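> Quick one: structure below, then a few questions.
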Amino acid sequence: MTSPQSVQSVQLPLAEYLALPAQDLSARTAEAKRALGDRVMVLGHNYQRDEVIQHADFRGDSLLLAKLAAERSERSYVVFCGVHFMAETADILSRSNQTVILPDLAAGCSMADMAAIEQVDQCWESLGRVLPVEETVTPAVYVNSAAVLKAFCGEHGGITCTSSNARAVMEWAWARREKILFFPDEHLGRNTANKMGFPRDQMLVWDPYLPNGGHTAEAIRKARLLLWKGHCSVHQMFQPAHVEYFRKRYPGVRVIVHPECHEEVVNRADLVGSTEFIIRTVSQAPAGTAWAVGTELNLVNRLKRDQADKQIFFLSSTVCQCATMFRIDAPHLCWAMENLAEGHVVNHIVVPDDEKAWAKIALDRMMAVS
Ligand code: 13P
Ligand code: SF4
């Protein structure tokens with residue numbers, strides 16, 4: 001075993017891992033992890049597939065994993081089994097001597113891609129033409145976003161949020177300034193505001209492809225919640241008809257969904273919350289209860305298997321899998337871990353220092369209200 005910091009080794013090629021049998025990949029990943037010992041921490045998001053999540057030291061939702069990255073400063077290497085924005089968040093929150101690795105750099109998030117910094121800058125400028133934007137608007141960005149957008153929020157008195165603390169974050173934001181610009185997920189923003197009893201006529205949807213977001217100056221001045229037109233391609237698959245189907249077919253079924261779902265689904269559900277909330281709620285429910293779950297398929301399939309004393313259904317009739325989370329597979333994880341054990345860091349996630357400083361301010365504000 002060599003030290004990843006001290007040796008310039010030749011990287012083991014990914015191609016050799018792609019054809020390996022599942023059993024070999026699992027055994028070799030476990031062996032590399034054992035060899036790395038306490039120097040490595042493997043974090044796994046709740047949507048990860050079984051073959052990957054089995055190697056995670058910790059699994060959880062975005063907030064929990066971000067907290068772990070911030071707290072476990074003794075681990076030199078964080079292998080993040082999740083998507084790009086999560087690994088960036090881990091890099092921002094971890095210490096400078098820690099290294100964050102994403103086993104496949106193609107593991108992005110289609111929602112995060114719906115807001116580019118140029119569009120957000122343009123939006124801010126447009127708002128600045130109709131009101132004193134710095135004094136009246138708090139930018140609040142869902143962590144499902146690039147680090148540069150978190151930095152934008154840090155720099156402009158704003159904050160980040162996750163699906164578990166969006167309400168507390170909105171309360172924080174409205175206590176400071178009269179309006180919130182919430183991006184990139186319109187649904188999390190709207191669903192959270194709905195639960196707070198926030199008036200509909202004070203919300204508007206900002207379309208980044210239209211001048212002034214598609215609104216008159218008067219409408220912008222009147223609104224107190226500006227929702228960026230963005231969504232999750234996985235959660236938009238759940239429809240009100242799915243809820244109605246399960247209620248009719250299984251009387252007494254409890255419907256639990258993620259707040260990235262459309263409000264018509266959320267409003268029909270019994271419970272709404274983060275991936276961790278969903279897992280905890282269903283796991284703690286009495287045996288014999290029935291649940292229809294509206295979030296990503298890997299999570300639901302694992303719940304079904306782990307909670308065999310309950311009836312658990314996937315809320316949609318079509319397969320809704322997060323294709324980008326799915327990029328992290330056994331070959332990529334084994335490749336990243338064996339390279340690390342051989343002294344080679346692959347797919348190092350590095351947020352530039354200037355972005356990191358502002359992004360950390362926005363994340364720290366969130367941690368303080370969570
Ligand atoms: P959680 O923070 O609830 O795990 O959600 C992350 C996510 O990307 C859901 O699509
Ligand atoms: Fe992004 Fe949706 Fe995948 Fe979550 S489920 S990582 S929001 S694409």
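The values are calculated or read from the model by the stated rules, or taken from the named source; none is laboratory data. As the structure is a computational prediction, the values presented were derived from the model and not from experiment. Every residue, glycine as well, gets a Cβ built from its backbone with ideal geometry; the counts of neighbours run over all protein chains shown. With ligands, DNA and RNA removed, areas are computed over all heavy atoms of the protein, side chains included. Shrake-Rupley method; radii C 1.70, N 1.55, O 1.52, S 1.80 Å.
> If the chain were replaced by its equivalent ellipsoid, with semi-axes equal to the square roots of 5 times the Cα gyration tensor eigenvalues, what would those be, largest first, whole Å? Working shown, then result.
Numbers: eigenvalues 245, 157, 52 Å².
The three semi-axes for the chain are 35, 28, 16 Å.
> A further question follows. Which lysines have a Cα less than 24 Å from the Cα of LYS304, not counting those fewer than 8 places away in the same chain?
List returned: LYS248.
> Among THR138, PHE152, TYR209, which residue has its Cα positioned farthest towards the positive end of the charge dipole of the chain, with +1 placed on the Cβ of Lys and Arg, -1 on the Cβ of Asp and Glu, and the dipole taken about the Cα centre?
It is THR138, whose Cα lies furthest towards the positive end.
> Charges at C-beta only: +1 for Lys and Arg, -1 for Asp and Glu. How large is the resulting dipole of region 290-334 about its Cα centre, in Debye rounded to 20?
Working: 5 positive and 4 negative charges, 8 e Å.
The calculation lands at about 40 debye.
> Related question: If you filter region 159-264 for chymotrypsin sites (Phe, Trp or Tyr not before Pro), then keep DSSP loop positions with at most 16 other Cβ within 10 Å, what is left?
TYR209
> Out of GLN48, GLN239, GLN119, any idea which swings most in a Gaussian network model of the chain, alpha carbons joined below 10 Å?
GLN119
> Tell me whether region 1-102 comes out rounded, prolate or oblate; compute the Cα gyration tensor, take square roots of the eigenvalues as a ≥ b ≥ c, and use a/c under 1.5 as the rounded threshold. Before the final figure, lay out each step's value.
On the way: a/c = 1.82, a/b = 1.21, b/c = 1.50.
Verdict is oblate for region 1-102.
> Between ARG34 and ALA357, what is the spin-label point distance in nm, taking each point 7 Å from the Cα along the Cα→C-beta axis?
Label at ARG34, label at ALA357, 4.6 nm between them.
> Also: Which residue, ASN194, ALA19, THR99, has the largest displacement toward the positive end of the dipole of the chain when charges sit on each Cβ (Lys, Arg +1; Asp, Glu -1)?
The Cα lying farthest towards the positive end belongs to ASN194.
> Find how much the distance from GLU263 to ASP24 grows on full extension, using 0.36 nm per residue of separation minus their present alpha carbon separation; answer in nm with one decimal.
The span from GLU263 to ASP24 would gain 81.6 nm if fully extended.
> Please state the charge dipole magnitude for region 128-177, taken about the Cα centre, from unit charges on C-beta atoms (+1 on K and R, -1 on D and E), reported in debye and rounded to the nearest 20. Intermediate values should be presented prior to the final figure.
Values: 5 positive and 4 negative charges, 19 e Å.
Dipole of region 128-177, to the nearest 20 debye: 100 debye.
> Same structure again: So for PHE326, PHE183, what's the accessible-area order with a 1.4 Å probe, most first? If you can, show how the numbers build up before the last one.
On the way: PHE326 75, PHE183 0 Å².
Descending order: PHE326, PHE183.
> Tell me, what is the FRET efficiency for ARG221 and ALA368 to the nearest 0.05, using R0 = 35 angstrom and their Cβ-Cβ distance as r? Spell out each step's value before the answer.
Values: r = 30 Å, r/R0 = 0.87.
After rounding, the FRET efficiency stands at 0.70.
> When all alpha-carbon pairs of region 120-214 are counted, what percent fall beyond 23 Å?
Details: 720 of 4465 pairs.
Tail fraction, whole percent: 16.
> Here is a further query. Hey, in the GNM for the chain with a 10 angstrom Cα cutoff, which one of ASP38, ASP50, ASP91 fluctuates hardest?
Ranking ASP38, ASP50, ASP91 by mean-square fluctuation puts ASP38 first.
> Using all alpha carbons of region 24-182, what is the percent of pairwise distances in each 5 Å bin, ordered from the shortest bin to the longest?
Pair shares across the bins are 2, 9, 16, 19, 17, 13, 9, 7, 4, 2, 1, 0, 0.
> Quote the FRET efficiency, to the nearest 0.05, computed for PHE58 versus GLU178 with a Förster distance R0 of 35 Å and r equal to the Cβ-Cβ distance. Intermediate values should be presented prior to the final figure.
Details: r = 39 Å, r/R0 = 1.12.
Computed FRET efficiency for PHE58 and GLU178 comes out at 0.35.
> Still on this model: Relative to the present Cα-Cα distance, how much length would full extension add between ASN194 and ALA15 at 0.36 nm per residue of separation?
Going from the current span to full extension adds 59.6 nm.
> With loop defined by DSSP as not H, G, I, E or B, and exposure as at most 16 other Cβ atoms within 10 Å, which is the longest segment of the chain clear of exposed GluC sites (Glu not before Pro)?
Details: sites that count: GLU74, GLU178.
Excluding the exposed sites themselves, the longest stretch runs over 179-370.
> Suppose every Lys and Arg Cβ carries +1 and every Asp and Glu Cβ carries -1, with no other charges. What dipole size does region 1-125 come out with about its Cα centre, to the nearest 20 debye? Spell out each step's value before the answer.
Values: 10 positive and 17 negative charges, 122 e Å.
The dipole of region 1-125 has a size of about 580 debye.
> Give the lysines reachable from LYS179 as a straight Cα distance under 25 Å; neighbours fewer than 8 places away on the same chain don't count.
Partners found: LYS150, LYS195, LYS222, LYS229, LYS360.
> Here's a follow-up. Starting from 0.36 nm per residue, how many nanometres of slack lie between LEU210 and GLU155 once their C-alpha separation is accounted for?
Length difference between fully extended and current span is 17.3 nm.
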